[in-house]
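Structure first, then comments.
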Amino acid sequence: LAGVFDHADNRLSLYIDGKLAKEAPLPALPEERGESTAPPVLTISADPFQVLPGGVITYSVAITNAAEVPLTSVVLSDTLPAGAVYVAQSGVGFSYSPRDGRLTWAIDQIEPGHEVRGGFQLRATGLGIGELITNTIIAVSANAPAVAASAVVEVAPPRQNRVWATPGEGGWLRSEDG
């Protein structure tokens, strides 16, 4: 048994006892079909990581093409988490559908190695102290696997400004000083 690969025709020929037994074209590699060989890198971050009830959270989103071919027909989608409402006109790249309660961003193409950034703001509403807001964004593409990323923000009480005496150092320390 012997196999011979013809690079020019992308064909594999199998020989048994010197006679051609089977010849077939090899399937195209993912990059030859315009498919990604690596999933995109999706990140979402929230600022602040603790918010007062009614406070505004700023989300930053980035998607990076880690593949060797362009990502095509990319759509980022974020269904608003419970206890959060969209802050009007805050989307950079994203558009908001009040009917669906969803933010979306359609990107025609992302070249290999390139990153695209956007963001939006949400307001924490109807949640009590200690509750968490978990916001998950999903990215799909015509030629790469879907990926997801999440950011978690805690609804927290206002910080109390406390003062401690520091006799050893001869001064005072306020909690807002860190």
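Taken together, the values in this text are just the output of simple stated rules run on the coordinates, not laboratory data. Treat the numbers as computed from the prediction; the structure is a model and nothing was measured.
For region 26-147, what is the Kirkwood hydrodynamic radius in Å, using each pair of distinct C-alpha atoms?
Numbers: mean 1/r = 0.0647 Å⁻¹.
Averaging 1/r across every pair of different Cα atoms and inverting gives 15.5 Å.
Rounded to whole Hz and in sequence order, give me ³J(HN,Hα) for region 123-137 from the Karplus expression 6.51 cos²θ - 1.76 cosθ + 1.60, θ = phi - 60°, writing x for Gly and Pro.
10, 6, 9, x, 10, x, 4, x, 6, 10, 10, 9, 10, 10, 10
Name the residues whose placed amide hydrogens come within less than 5 Å of the amide hydrogen of V51, ignoring near sequence neighbours (fewer than 5 apart) on the same chain.
E154, V155, A156
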